[in-house]
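Asker: Here it is: the structure, laid out below.
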Amino acid sequence: MKNIDTFYVNGEWAAPAAGATVMDIVNPATEEVVGKLSLGTVEDADRAVAAARAAFPAWSQSSREERLALLERVIGLYKARLPEIGEAVRTEIGAPVGLSNAVQAPIGLAAMQSTLQALKTFEFETSHGKNYVAHEPIGVAALVTAWNWPLMLIATKVSAAIAAGCTVVLKPSEISPLDAHIFAEIMHEAGTPAGVFNMIYGEGRSVGARLSSHPEVDMISITGSTRAGVEVAISAAPTVKRVHQELGGKSPLLILDDADLQAAVQTGVVSVMMNSGQTCVAPTRMLVPRARYAEAQAVAAAVANAFTVGDPADPATKMGPISNRAQYEKVQRMIGVGIEEGARVVAGGPGRPDGLDKGFFTRPTVFADVNNDMTIAREEIFGPVLVMIPYDSEEDGIAIANDTNYGLAAYIASGDPDRARRVANRLRAGSVRVNGAQMDLSLPFGGFKASGNGRENGAHGLVEYMEVKSVCM
């Protein structure tokens, strides 16, 4: 039983203020309580912000070399604890051991290494004749992260903010507290100056709301649902602080008529089901030429039905449970909505997979006979649910792909690179991947429309945490 009853504030482990509540840490694969977590209050948020504010003058004037040295120490300590981090993610969100060890834990390392490389060459000052433009840290940055890819989100935001010269208050998701606690231990062991990095746990409606409205917080960066992003923006408006948001998605995979259909469908289904569908950029709308729609359904069903769902500790498991009860119930409800709307289940469906009578397990589900006006095609489900939509021409496919409130990512399958590039330029999304290309963490990541604003990763990620000053001599 793991009891987390301290926060990290001003370089020390500190007990929560009076009035803190305690919640269970639940293993989603077994529904067993594996620990207790103390949740902070507004007073805890104020204490963390005060520490970050006091540390800002000195850290904002730190040299590039000092920041690089800190990041290098953090990276080295993180590497040493990769197995422990992977085990924490498996326990708290139910990610299969293979995914936890090969992707969930290492991707945080990759994010920090990307920031490190960007910092080495970033131009903090550029000359314009005798005048110059300076990039300076914005101030205290409040960072609110989600539970689905916890280390990537924490590492990306924290490393970029600190590299830019900001001081930080991190509020990780209370659903994934174990990995965040390890990260804070790493920051402490790395010798992070007191107040530069602070971490508190708490609910969004209390601690999150205080951080977003706090007059001493200069910027808030949130990864979460669009609903949460809107609430943060409203709360932040009176203090005119910068709001950076990476929010929901309903990303299309546009399979063009010259694509390798078998490979495209297989890659698309695997991308949706990985991490139990809890990935904001998952290509959950598969757009298929009408002439090959039946063939694509058969491939998708076969791939989904072949997924091994079960104990995340078993190396043979390819898909674990949904991370928490509330999300599990939402996914089940949305599968029911799809059936009520007239979509046809070609794989999966409601309920747990056969042989699993406990845990938040969901069957890998594929819907056909879907049109883009259905709820399951419009709303982010955040579970292992794929909808397949036929289209009649390239123009029709592009129109359906763009017919969404979201714009976080889009995917294209095509046998013609020039055609894929032309279509990519017409898709309204912050990132486009062609023929199964992997994410490049040196490139900017963020969304259009209701998927948020601002960018993360590399130099673009550093700029988000900076103000721009022009000086005329």
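Asker: Taking the Cα centre of region 252-440 as the origin and placing charges on Cβ (Lys, Arg +1; Asp, Glu -1), which of Y293, G277, V337 is farthest toward the positive end of the dipole?
Answerer: Towards the positive end, the residue furthest out is G277.
Asker: A further question follows. Working out 0.36 nm times the residue gap between T21 and A194, then minus their Cα-Cα distance, what length gain in nm do you get to one decimal? Don't skip to the answer; put the middle values down first.
Answerer: Working: separation 173, 0.36 × 173 = 62.28 nm, distance 2.62 nm.
Length gained between T21 and A194: 59.7 nm.
Asker: Sorted by packing (mean other beta-carbon atoms within 10 Å per residue), highest first, where do 121-127, 84-90 land? Write out the running numbers ahead of the final one.
Answerer: Values: 121-127: 11.4, 84-90: 22.4.
Answer by packing, highest mean first, reads 84-90, 121-127.
Asker: Output the antiparallel fraction of DSSP beta bridges having both residues in the chain, as a percent to the nearest 5.
Answerer: Values: 29 of 68 bridges.
Looking only at bridges with both residues in the chain, the antiparallel portion is about 45 percent.
Asker: Here's something else I'd like to know. Among the lysines, select those whose C-alpha is under 24 Å from the C-alpha of K250, and discard any that sit fewer than 8 residues away in the same chain.
Answerer: Straight-line reach from K250, under 24 Å: K157, K318, K330, K449.
Asker: Now for a separate question. When the dipole is taken about the Cα centre of the chain, and only Lys, Arg (+1) and Asp, Glu (-1) are charged at their Cβ, what size is it in debye, to the nearest 20?
Answerer: Numbers: 41 positive and 52 negative charges, 104 e Å.
For the chain, the charge dipole is close to 500 debye.
Asker: Take every Cα-Cα pair in the chain and report what % of them are more than 35 Å apart.
Answerer: Values: 35346 of 111628 pairs.
Value for the chain: 32 percent of Cα pairs lie more than 35 Å apart.
Asker: Could you give me the ³J(HN,Hα) list for region 446-451, computed from phi with Karplus coefficients 6.51, -1.76, 1.60 and θ = phi - 60°, whole Hz, x at Gly and Pro?
Answerer: Running phi through 6.51 cos²θ - 1.76 cosθ + 1.60 with θ = phi - 60° gives x, x, 9, 6, 6, 7 Hz.
Asker: Once you order the gyration tensor axes a ≥ b ≥ c over the Cα atoms, which shape class does region 1-144 get: rounded for a/c under 1.5, otherwise prolate or oblate by comparing a/b with b/c?
Answerer: Details: a/c = 2.94, a/b = 1.49, b/c = 1.98.
In terms of gyration-tensor shape, oblate.
Asker: Only Lys, Arg, Asp and Glu count, each charged at its Cβ (+1, +1, -1, -1), so figure out the dipole size of region 340-473 about its Cα centre, rounded to 20 debye.
Answerer: Numbers: 14 positive and 19 negative charges, 88 e Å.
Charge dipole of region 340-473: 420 debye, to the nearest 20.
Asker: Taking the dipole about the Cα centre of the chain, with the C-beta of Lys and Arg at +1 and of Asp and Glu at -1, give me whichever of G436, V140, M23 is farthest to the positive side.
Answerer: V140
Asker: If you filter region 375-440 for chymotrypsin sites (Phe, Trp or Tyr not before Pro), then keep DSSP loop positions with at most 15 other Cβ within 10 Å, what is left?
Answerer: Numbers: sites: F382, Y391, Y406, Y411; in loops: F382.
Sparse-neighbourhood loop chymotrypsin sites (Phe, Trp or Tyr not before Pro): none present.
Asker: Ok, one more. Nothing charged except the Cβ atoms of Lys and Arg (+1) and of Asp and Glu (-1): what's the magnitude of the dipole of region 252-440 about its Cα centre? Round to the nearest 20 debye. Intermediate values should be presented prior to the final figure.
Answerer: Working: 18 positive and 23 negative charges, 87 e Å.
That gives region 252-440 a dipole magnitude of about 420 debye.
Asker: Below 8 Å between Cα atoms, with a sequence gap of 6+, how large is the relative contact order for the chain in percent? If you can, show how the numbers build up before the last one.
Answerer: Values: 1106 pairs, mean separation 88.2, N = 473.
After rounding, I find 19 percent.
Coordinate-derived values only; no laboratory data. Model, not experiment: these values are computed from the prediction. We place every Cβ from the backbone using ideal geometry, glycine too, and count neighbours over all the protein chains shown.
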